[in-house]
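First comes the structure, then the notes that go with it.
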Amino acid sequence: MSERILSVLVEDKPGVLARVSSTISRRGFNINSLSVGPTHIEGRSKMTIVTELDAVEQVKKQLNKLVNVIKIVELDPEMTIETEVLLLKVSINKDTQTSVIEKANLSSAKSVDVGQDYAIFEMTGSSKELNKFEKLMKPFGIIEMVRGGRIAIQSNL
Amino acid sequence: MTKELITGAELIVRSLEHLNVSTVFGVPGGAILPAYDPLYDSPIRHILARHEQGAGHMAEGYAQATGELGVVIATSGPGATNLITPLANALMDSTPLLAITGQVASTAIGNDAFQEAYTVGLSMAATKHNYLITDASEIPQVLKEAKYIATSGRPGPVLVDVPKDILNQKTGWVEPKDLDLPGYKPTLEPNPKMIQQAANLIKSSKKPILYVGGGIIHSNSHKELYDLATTYNIPVVTTLMGRGAFPDGHELCLEMPGMHGNYTATTSIQDSDLLIAIGVRFDDRVTANPDFFAQNAKVIHADIDPAEIGKVREAQVPIVGDAKNVLIGLTEALKGSELDTASWINDLREMKKNFPLNYDQKDDGPLKVPYVLEQLQNLTEEEAVVVSGVGQHQMWISQHWNFTEPNTWLNSGGLGTMGYSLPAAIGAQTAFPDKLVLALDGDGCFQMTCQELITASTENIPIKVVVFNNGNHGMVRQWQKIFYNSKFSASELTHHTPDYVKLAESMGAVGLRMTKKDDVKKIFTEMLNINDKPVLIDCVVDPDDMVFPMVPAGGSNDQIIMNKEDLKQL
Ligand SMILES: Cc1ncc(C[n+]2csc(CCOP(=O)(O)OP(=O)(O)O)c2C)c(N)n1
Ligand SMILES: [Mg+2]
């Protein structure tokens, strides 16, 4: 099954996130990623929902029934710019420090905090790129990693 | 000019008056108390139920009998949780309902205050939409929106939760604005291209079936349905929620299909080459296993709710729109055409003759529910409003009662809620004080909400209740007989059964009993002559009877079990 990306324009009202996520889970579907944030229009938020489902049509229809959901667009993966954010805290020591920072630079991750025995990197990019970076850092000992907020936009709407 | 200051509670009552609400059902309590104060002085009639579930079903019965909004009021916490069942019931059966619940003070929300429940969260999946009021000035606008959402598109329940401090908050009357609901725009007008495509399919069909349900009743389009069916000679099946949408007894009416539908209705769908499905949702009680459902038929599916189309069965022609407009559109688009359905109708007529519904009432044997129903209907001259519980008796009523008008058959179809009948009948009778309203209930169901009989007596609501006393959760017993080797685990009610006659009398109603064939006419006549108080009949019936035809859940509609003999093949 391939991933499907829904871009959902909603009214910025209390409970709207709960309504959307409960509508999806109630019908037995999983959410791979969900992010919400404001849009350039006052009172409107945009949710980017990434799911893996055959029944995406049914989910779209059920979501459309929510009073606070204004519009749902399924993004065409071919024409979609997608990005995700990552924060990763990795162990370093005298021996590994240079190599870690070099690898991070090559991956265009930004170091945001470096301590004596750890470094924190920030990175945005496609899920694939982030996966790759995670793999690169793994041997050095990942202390903590947070990812999230996959967001997407259609390139020529 | 300074505005007159009024409380949030007064805003609620005034808004309800502005929205033409004349009756509300409810139970008071701490958080909602401020609203009960101005309600006392309002021309709105409040009916005090004995349980919030009862109040909710009353509001549903009121709404289903009238086609208008039903309103229920409850307090916070347990008052609100008791409403969950009627809300879920109304969501399933698309009943327009407005629930107003009290909430703990906004400053206390989230602190596990006394009688606090997260009502908006709890009711989210049981309502079409819900609100938490955060300022009293929102009330007129929110209630206007709530009514609109509840009654438009595919109708359903809307809940408005109001914290106590907001009920007491003083503010001025705020005239509600025009509605602005950018995410809620029901499609009423069908796409003409789709109507044309549908008409083309209908013209070339030899075996069309109009498969219609609750949508016809909600859109008040039984006349338009009648026009379409009779002008072009298309047979009609009416689902459990659609009984009365097309008159039983008409030669084109095949009545109810499905799990306990009659042979001809179920089989007509299987044999059909075109299903014209309007205001139905291909419920599993109709389709059985959808893989075997109407395998030779193309499908035109019209519904006001786009999510229903294609949910269970792919439609060759999907039509989103109000059933009334769809029916008018189709009748128009077919103008001048003559369908070649004569031999199809003839086949179905033969089928009806060969596979009638039947029952066996012995002169000295135990009473059979279908017999009792037929006798009762014979004695009632006017069109009664029939309100059923859930179980065997419900299926027998749907099978054997002749429904000829919409909104005269109220039942809990989608959720199958035991305890619905009595309170829903009270709600219906409240709306129509002079109509004959019959609560035809099972003994199991009756025991779930029987305290509402007091509500009926107290409020002078002269409903007539028939408790089909088979001493059993009959439908459960039937399944245990068929699928669990007659191991009657927890389905018998006989060990401690209330004396229903005494129970009725103790609750201010007239109690009567019938046990044998000779009683039926006499007792029913007596019942029908009492119009100043509620009457209850303890109708003692065969404890071991079964409803047929039957298609087991998940089975194929091609394999209909017609009687006990057929069961042996299972
Ligand atoms: C609230 C609720 N609980 C349980 C059930 C399961 N159930 C369906 S029918 C039935 C038996 C109904 O018994 P009764 O009211 O006596 O009707 P009968 O089948 O005997 O006519 C039960 C327990 C239900 N539908 N609703
Ligand atoms: Mg029973």
Practice task
Could you tell me whether the range B:460-469 includes any residue that is free of Cβ contacts under 8 Å to residues at least 12 places away in the same chain, over 19 Å from B:Glu374 (Cβ atoms) and polar (S, T, N, Q)?
Solution key: no
Practice task
State whether the residues of the range A:48-59 include one that is in a loop (DSSP other than H, G, I, E, B), more than 9 Å from every other protein chain (Cβ to nearest Cβ) and among the acidic types (Asp, Glu).
Solution key: yes
Handout entry: Test: residue in the range B:378-389 that is within 16 Å of ligand 2 (Cβ to nearest atom), of a type in the set (Gly, Ala, Ser) and touching a His at 6+ places or on another chain (Cβ under 9 Å)
Key = no
Practice task
Name the one entry in B:Val326, B:Val320 that is closer than 13 Å to B:Gln196 by Cα and either within 26 Å of the chain's Cα centre (by Cα) or in contact (Cβ under 8 Å) with a residue 60 or more places away in the chain (or both).
Solution key: B:Val326
Problem - Conditions (1) surrounded by fewer than 24 Cβ atoms within 10 Å (Cβ to Cβ); (2) in contact with a strand residue (DSSP E or B) (Cβ under 6 Å, 6 or more places away or on another chain); (3) among the hydrophobic types (A, V, I, L, M, F, W, C): number failed by B:Leu422 - result: (1)
Problem - Answer residue from the range A:13-47, given it is at negative phi and more than 21 Å from the chain's Cα centre (by Cα) and is farthest from the other protein chains (Cβ to nearest Cβ) among those - result: A:Glu42
Practice task
Report yes if some residue within the range B:375-392 is assigned to a helix (DSSP H, G or I), away from every other protein chain (no Cβ under 14 Å), under 30 Å from B:Ala55 (Cβ atoms) and within 16 Å of ligand 1 (Cβ to nearest atom); otherwise report no.
Solution key: yes
Problem - A:Ile81 being at the interface with another protein chain (Cβ under 10 Å from one of its Cβ atoms) and either among the hydroxyl-bearing types (Ser, Thr, Tyr) or part of a strand (DSSP E or B) (or both) - result: no
Handout entry: Contacts under 8 angstrom Cβ, first residue in the range B:211-232 being assigned by TED's automatic domain parsing to the domain that holds B:Asn407, partner buried (at least 24 other Cβ atoms within 10 Å of the Cβ), 6 or more apart
Key = none
Handout entry: Residue that is farthest from ligand 1 (Cβ to nearest atom) [pool: residues in the range B:409-431 that are hydrophobic (A, V, I, L, M, F, W, C) and over 13 Å from B:Ala384 (Cβ atoms)]
Key = B:Ala431
Practice task
Check whether at least one residue in the range B:430-450 is touching a Gly at 6+ places or on another chain (Cβ under 7 Å) and more than 16 Å from ligand 2 (Cβ to nearest atom), and report yes or no.
Solution key: no
Exercise for the section: Starting from residues that are assigned to a loop (DSSP other than H, G, I, E, B) and of a type in the set (A, V, I, L, M, F, W, C), keep the ones in the range B:201-245 and report whichever is surrounded by the most Cβ atoms within 10 Å (Cβ to Cβ). Expected result: B:Ala245
Practice task
Would you mind stating whether B:Gly67 is within 14 Å of chain A (Cβ to nearest Cβ) and either out of contact with any strand residue (DSSP E or B) (no Cβ under 8 Å at 6 or more places or on another chain) or closer than 30 Å to B:Gly215 by Cα (or both)?
Solution key: no
Handout entry: Any pair with Cβ under 9 angstrom, 6 or more apart, that starts in the range B:475-487 at a residue that is among the small types (Gly, Ala, Ser) and ends at one that is open to solvent by less than 40 Å² (accessible area, probe 1.4 Å)
Key = B:Ser486/B:Arg477; B:Ser486/B:Gln480
Problem - 2 or more residues within 12 Å of ligand 1 (Cβ to nearest atom): qualifying helices (runs of 4 or more DSSP H) within the range B:432-541 - result: B:443-449, B:474-483
Handout entry: Flag for B:Ile133 being over 21 Å from A:Asn64 (Cα atoms) and hydrophobic (A, V, I, L, M, F, W, C)
Key = yes
Exercise for the section: Being facing chain A (nearest Cβ under 10 Å), of a type outside the set (D, E, K, R) and assigned to a helix (DSSP H, G or I) is the filter here, so list the residues in the range B:119-145 that pass it. Expected result: B:Val120, B:Gly121, B:Met124, B:Ala125
Problem - Selection from the range B:465-498 of residues that are away from ligand 2 (no atom under 16 Å from the Cβ) and open to solvent by less than 70 Å² (accessible area, probe 1.4 Å) - result: B:Ile482, B:Ser486
Practice task
Might you check whether a residue that is surrounded by fewer than 16 Cβ atoms within 10 Å (Cβ to Cβ), modelled with pLDDT of 95 or more and not assigned by TED's automatic domain parsing to the domain that holds B:His250 occurs anywhere in the range B:128-147?
Solution key: yes
Problem - the range B:340-383 - residue that is closer than 24 Å to B:Met448 by Cα and touching a strand residue (DSSP E or B) at 6+ places or on another chain (Cβ under 9 Å) and, of those, most open to solvent (accessible area, probe 1.4 Å) - result: B:Lys368
Completion exercise
Across (1) surrounded by 15 or more Cβ atoms within 10 Å (Cβ to Cβ); (2) within 14 Å of chain B (Cβ to nearest Cβ), A:Glu134 clears everything bar (2)
Exercise for the section: Please verify whether the range B:515-529 includes one or more residues that are in contact with a strand residue (DSSP E or B) (Cβ under 7 Å, 6 or more places away or on another chain), within 16 Å of ligand 2 (Cβ to nearest atom) and modelled with pLDDT of 95 or more. Expected result: yes
Handout entry: Check on A:Leu88, surrounded by 12 or more Cβ atoms within 10 Å (Cβ to Cβ), of a type outside the set (Ser, Thr, Tyr) and in contact with a helix residue (DSSP H, G or I) (Cβ under 7 Å, 6 or more places away or on another chain)
Key = yes
Handout entry: Residue ID - nearest to B:Glu17 (Cα to Cα), chosen from residues in the range B:153-178 that are within 11 Å of chain A (Cβ to nearest Cβ) and either small (Gly, Ala, Ser) or part of a loop (DSSP other than H, G, I, E, B) (or both)
Key = B:Gly156
Practice task
Could you please find all residues in the range B:395-407 being within 16 Å of ligand 2 (Cβ to nearest atom) and open to solvent by 10 Å² or more (accessible area, probe 1.4 Å)?
Solution key: B:Met395, B:Trp396
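The values are calculated or read from the model by the stated rules, or taken from the named source; none is laboratory data. Predicted, not measured: the structure shown is a model, and the values here were computed from it. When we count neighbours, we look across all protein chains shown, and the Cβ atoms used for this are built from the backbone with ideal geometry, even at glycine. Please note that ligands, DNA and RNA were not included when accessible areas were found on the heavy atoms of the full protein model with its side chains. Shrake-Rupley method; radii C 1.70, N 1.55, O 1.52, S 1.80 Å.
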